[in-house]
Amino acid sequence: MIEALTEWFRNITFLQIIDFVGTFAFAISGIRLASAKRFDWFGAYVVGAATAIGGGTLRDVMLDVPVFWMHDGFYLSCTAVALLWVIIFRKYLINMHSTFFIFDAVGLALFTVVGIQKTIDCGLPIWVGIVMGAMTGAAGGVIRDVLINEVPLIFRKEIYAMACVVGGVVFGLCHIIGMPTMVTHLACGAAVFLTRVLAVKYQICLPTLRPEED
């Protein structure tokens, strides 16, 4: 068992670490909101899992590659760990309004990086990667909000999916000028996270589409 774990840690890549952390962060955000809606443990797990793997599932289907979580049980196990984490620390997490935002922003940033890189690895151009990065980051949140009967964040005025696009542009620029992969990933993730945080802090919103007045 120890040898297997040692071998696993030896072979893990930086992109996989980002993927795993993003999975945990998004699962926490989904479970936290499910808790606020008073879902039972199973319901909270379903919401957390849908948040964590929903965007990546759509991405892999569109890229016509094997769906990632069907070949690695870690992702569903990670959601179970996130549920246990919320259960143990629920007094602190559920009542902290900033908790959901922080974990959601982290998950959004990390999943955008993963989505773009996996698209590029499939030999597709960077503009497709930006679309897939936004889908990987934001689609799980859409599924989460639908399951808990809320209007999805990307359909409101808040900067959400656009933060993924900003990060994608940063990724593209770093990729074009030949920056190291790790630096590119960090720059993209930081751009998504900072865009999301600054937009909320300073109430930066996209214009609202209004019907033409008579």
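Below is a table of values for the structure above.
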quantity	calculated
Residue check, residue 136 among the polar types (S, T, N, Q) and under 18 Å from residue 196 (Cβ atoms)	yes
Index of the failed condition, residue 145 passing every other in (1) of a type outside the set (Lys, Arg); (2) more than 16 Å from the chain's Cα centre (by Cα); (3) modelled with pLDDT under 95; (4) assigned to a helix (DSSP H, G or I)	(2)
Test result for residue 141, touching a residue at least 24 places away in the same chain (Cβ under 8 Å) and out of contact with any His (no Cβ under 8 Å at 6 or more places or on another chain)	yes
Which listed residue, of 124, 84, is part of a helix (DSSP H, G or I) and surrounded by fewer than 18 Cβ atoms within 10 Å (Cβ to Cβ)	84
The stretch 177-209, residues that are aliphatic (A, V, I, L, M), in contact (Cβ under 8 Å) with a residue 24 or more places away in the chain and more than 20 Å from residue 111 (Cα to Cα)	204, 206
Every pair of residues 6+ apart whose Cβ atoms lie under 8 Å, when the first sits in the stretch 147-164 and is surrounded by 14 or more Cβ atoms within 10 Å (Cβ to Cβ) while the second is of a type in the set (D, E, K, R)	148/37; 152/145; 153/145; 159/196; 160/196; 163/196
Residue satisfying all of: in the stretch 34-49; hydrophobic (A, V, I, L, M, F, W, C) and surrounded by fewer than 24 Cβ atoms within 10 Å (Cβ to Cβ); nearest to residue 115 (Cα to Cα) among these	46
Where residue 124 falls short, out of the listed (1) touching a residue at least 60 places away in the same chain (Cβ under 8 Å); (2) closer than 21 Å to residue 22 by Cα	(2)
Pair list, Cβ < 6 Å and 6+ apart or interchain, from the stretch 45-73 residues that are of a type in the set (Lys, Arg) to residues that are surrounded by 14 or more Cβ atoms within 10 Å (Cβ to Cβ) and assigned to a helix (DSSP H, G or I)	59/115; 59/132; 59/135; 59/136
Test: residue in the stretch 109-118 that is of a type in the set (Lys, Arg) and on the phi > 0 side of the Ramachandran plot	no
Matching option when the condition is within 18 Å of the chain's Cα centre (by Cα) and either more than 25 Å from residue 176 (Cα to Cα) or not aliphatic (A, V, I, L, M) (or both), among 67, 131, 114	67
Residues satisfying the stated conditions in the stretch 52-66, i.e. outside any helix (DSSP H, G or I) and surrounded by 14 or more Cβ atoms within 10 Å (Cβ to Cβ)	none
Residue selected from the stretch 148-174 under the condition part of a loop (DSSP other than H, G, I, E, B) and among the hydrophobic types (A, V, I, L, M, F, W, C), by the criterion farthest from residue 210 (Cα to Cα)	148
Pairs with Cβ under 8 Å, 6+ apart, first in the stretch 101-118 and surrounded by 24 or more Cβ atoms within 10 Å (Cβ to Cβ), second outside any helix (DSSP H, G or I)	108/160
Complete set of residues in the stretch 25-51 that are in a helix (DSSP H, G or I), of a type in the set (Phe, Trp, Tyr) and modelled with pLDDT of 90 or more	41, 42, 45
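The values are calculated or read from the model by the stated rules, or taken from the named source; none is laboratory data. The structure presented is a predicted model; accordingly, all values stated were derived computationally and were not measured. A quick note on method: Cβ atoms are made from the backbone with ideal geometry, for glycine too, and the neighbour counts reach across all protein chains shown.
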